[in-house]
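Engineer: Sharing a structure with you now.
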Amino acid sequence: MKIVSVVGGLGSQMMAFGLYLALKKAFPNDQVILDFSGYSKYGRADHNGAELHRLFGIEEQSAPSWVSYVMHGKSIVAKILRVLLPLFGILSIHRANHSAYNYDPGVFVERPRVAYDQCWTSWKYFESVEHELRRALRFPLLSDSTNAQIATSMKGQQSVAIHVRRGDYLQSPVLGGLVGRGYYEDAIHLIRTKINNPVFYIFSDDIEWCRNNLVHLLDQEPMFIDWNHASLSYIDMQLMSHCRHHIIPNSSFSWWGAYLAKHKEQIVIAPRLWVNPKSGLQMNDMNLPDWLIIDNSNASLEI
């Protein structure tokens with residue numbers, strides 16, 4: 001039995017699903033469970049909650065009750081069991097921090113009962129099932145005219161999606177302070193050397209900051225995408241996937257927008273560092289080999 005625990009926002013959930021598909025292919029004779037019990041039983045409220053079924057029709061499964069309790073329970077007993085059960089070979093819990101959130105080939109080592117908890121922050125986990133993954137992650141048709149018209153325009157232009165993630169990142173010692181004005185200035189300059197007549201679309205949870213800090217870097221007024229909120233926020237990712245090129249921060253949300261696009265001659269610009277090195281984590285395996293990387297190791301929080 002292999003259990004992939006789904007946690008976090010939409011981008012993280014999609015990463016978990018990718019690992020789930022890869023495990024099913026690697027271990028065809030094992031039961032593999034895509035476990036959403038952390039949302040339904042233990043009150044997780046990450047972003048918009050579990051979204052894979054609503055958006056992609058992906059089945060929401062639950063691990064056996066005792067496994068869910070061990071993985072997600074907050075009581076002292078659950079915490080003790082998380083330590084003891086692996087020692088007796090009853091349940092092995094594979095966590096990402098064992099490998100600093102880098103790709104860990106140990107994920108695919110055969111073990112009788114294992115739960116995977118937040119260990120899928122790399123495209124390498126689902127490289128073997130890329131085609132199946134892309135087929136499964138097809139967004140619903142855009143039903144409103146505004147988003148549909150913009151998607152059509154993006155396909156006919158040298159469209160560039162710029163994602164600016166602020167909000168919760170500003171106070172995060174792990175994720176914050178790595179991508180600011182300097183990064184976007186370098187990225188915009190770089191993409192201008194690669195394509196002619198770029199048309200910029202800006203996606204952000206802080207449009208006002210973007211107006212004050214990015215507009216002067218562009219030759220023309222960009223299109224600000226600022227109306228897809230709450231349960232409709234996934235549409236921003238969907239629109240990003242219609243763009244030909246991408247400038248992304250250290251965010252799995254726009255990572256998926258770029259990954260799912262795959263336009264011919266696509267250019268993706270991404271930061272080298274995805275997490276603050278002082279946190280002890282690394283996440284060195286997020287960027288795909290053909291992406292253009294900007295060194296943001298000297299970044300500081302630019303608010």
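Engineer: When the chain is modelled as a GNM with alpha-carbon springs shorter than 10 Å, which of Val215, Val77, Val114 fluctuates the most?
Structural biologist: Val77
Engineer: Quick one: among Val67, Val275, Val83, which has the greatest mean-square fluctuation in a GNM of the chain with alpha-carbon springs under 10 angstrom?
Structural biologist: Highest fluctuation of the listed residues: Val83.
Engineer: On C-alpha positions alone, give me the angle between the axis of helix 10-26 and the longest principal axis of the chain, in degrees, nearest 10.
Structural biologist: 50 degrees
Engineer: Let me check I've understood the local charge: for Glu110, count other residues with C-beta under 13 angstrom from its C-beta, Lys and Arg +1, Asp and Glu -1. What total comes out?
Structural biologist: Result for the neighbourhood of Glu110: +2.
Engineer: Classify the range 118-276 as rounded, prolate or oblate, taking a ≥ b ≥ c as the square roots of the eigenvalues of its Cα gyration tensor: rounded when a/c is under 1.5, otherwise prolate if a/b is larger than b/c and oblate if not.
Structural biologist: Numbers: a/c = 1.31, a/b = 1.05, b/c = 1.24.
Since a/c stays below 1.5, the shape of the range 118-276 is classed as rounded.
Engineer: Any idea what the relative contact order of the range 152-243 is, in percent, if you count C-alpha pairs under 8 Å spaced at least 6 apart? All intermediate terms of the calculation are to be shown ahead of the outcome.
Structural biologist: Details: 91 pairs, mean separation 34.4, N = 92.
Worked out over the range 152-243, it gives 37 percent.
Engineer: Which of rounded, prolate, oblate describes the range 140-200, given a ≥ b ≥ c as roots of the alpha-carbon gyration tensor eigenvalues and a/c under 1.5 marking rounded, otherwise prolate only if a/b is larger than b/c?
Structural biologist: Details: a/c = 4.18, a/b = 1.35, b/c = 3.10.
Oblate shape, in that a/c is at least 1.5 and b/c is the bigger or equal ratio.
Engineer: Ok, one more. Answer rounded, prolate or oblate for the chain, using the Cα gyration tensor with square roots of eigenvalues a ≥ b ≥ c: rounded when a/c is under 1.5, else prolate when a/b is larger than b/c, else oblate.
Structural biologist: On the way: a/c = 1.95, a/b = 1.69, b/c = 1.16.
Prolate, since a/c reaches 1.5 and a/b exceeds b/c.
Engineer: Here's something else I'd like to know. Could you please report the charge total around Ile207, scoring K, R as +1 and D, E as -1 over all other residues with beta-carbon less than 14 angstrom from its beta-carbon? Please list the in-between numbers first.
Structural biologist: Working: positive: Arg165, Arg166, Arg211; negative: Asp205, Asp206, Glu208, Glu221, Asp226, Asp236.
Spelling it out: positives minus negatives among the neighbours equals -3.
Engineer: Quick one: check the C-alpha center-to-center distance for the range 251-303 versus the range 15-31, whole angstrom.
Structural biologist: 25 Å
Engineer: Could you report the range 150-286's accessible area per residue, 1.4 Å probe, as an integer in Å²?
Structural biologist: On the way: 5810 Å² over 137 residues.
In whole numbers, the range 150-286 has 42 Å² accessible per residue.
Engineer: Taking 7 Å along the Cα-to-C-beta vector as the label spot, tell me the Ser92-Trp227 distance in nanometres, rounded to one decimal.
Structural biologist: According to this spin-label approximation, the distance is 5.2 nm.
Engineer: Give, in nm to one decimal, the length gained when the segment between Ala78 and Asn196 is fully stretched (0.36 nm per residue of separation minus the Cα-Cα distance). Could the numbers behind the result be given before it?
Structural biologist: Details: separation 118, 0.36 × 118 = 42.48 nm, distance 5.71 nm.
Result: 36.8 nm gained on full extension.
Engineer: Once you've got the Cα coordinates, tell me which of Lys25/Lys278; Lys124/Lys278; Lys24/Lys79; Lys24/Lys262; Lys74/Lys124 are over 27 Å apart. All intermediate terms of the calculation are to be shown ahead of the outcome.
Structural biologist: Working: Lys25/Lys278 36 Å; Lys124/Lys278 25 Å; Lys24/Lys79 29 Å; Lys24/Lys262 25 Å; Lys74/Lys124 31 Å.
Violating the 27 Å limit, Cα to Cα: Lys25/Lys278; Lys24/Lys79; Lys74/Lys124.
Engineer: Non-local amide H neighbours of Val199 (under 5 Å, H modeled in plane, Pro and chain starts lacking H): which ones?
Structural biologist: Gln158, Ser159, Val160
Engineer: Please identify, among Leu34, Leu260, Leu85, the residue showing maximal mean-square fluctuation in a Gaussian network model of the chain using a 10 angstrom Cα cutoff.
Structural biologist: The residue with the greatest mean-square fluctuation here is Leu85.
Engineer: Taking all protein chains as present, what is the carbon and sulfur share of the accessible area of the chain, in % to the nearest whole number, probe 1.4 Å?
Structural biologist: On the way: 7080 of 13960 Å².
Exposed carbon and sulfur together represent 51 percent of the surface.
Engineer: Another one. Rounded to the nearest 0.05, what FRET efficiency is calculated for Glu185 and Gln282 with R0 set to 41 Å and r the Cβ-Cβ distance? Intermediate results must be reported in sequence, preceding the final value.
Structural biologist: Details: r = 25 Å, r/R0 = 0.62.
Step by step, r from the Cβ atoms, then E = 0.95.
Engineer: At R0 = 22 Å, how high is the FRET efficiency between Glu130 and Val109 if r is their beta carbon distance? Nearest 0.05 is fine.
Structural biologist: 0.50
The values are calculated or read from the model by the stated rules, or taken from the named source; none is laboratory data. Note that the structure is a prediction, hence the values are computed from the model and not measured. Backbone-built Cβ (ideal geometry, glycine too); neighbour counts: all protein chains shown. Keep in mind that these areas ignore ligands, DNA and RNA; they rest on the heavy atoms of the full protein, side chains included. Shrake-Rupley method; radii C 1.70, N 1.55, O 1.52, S 1.80 Å.
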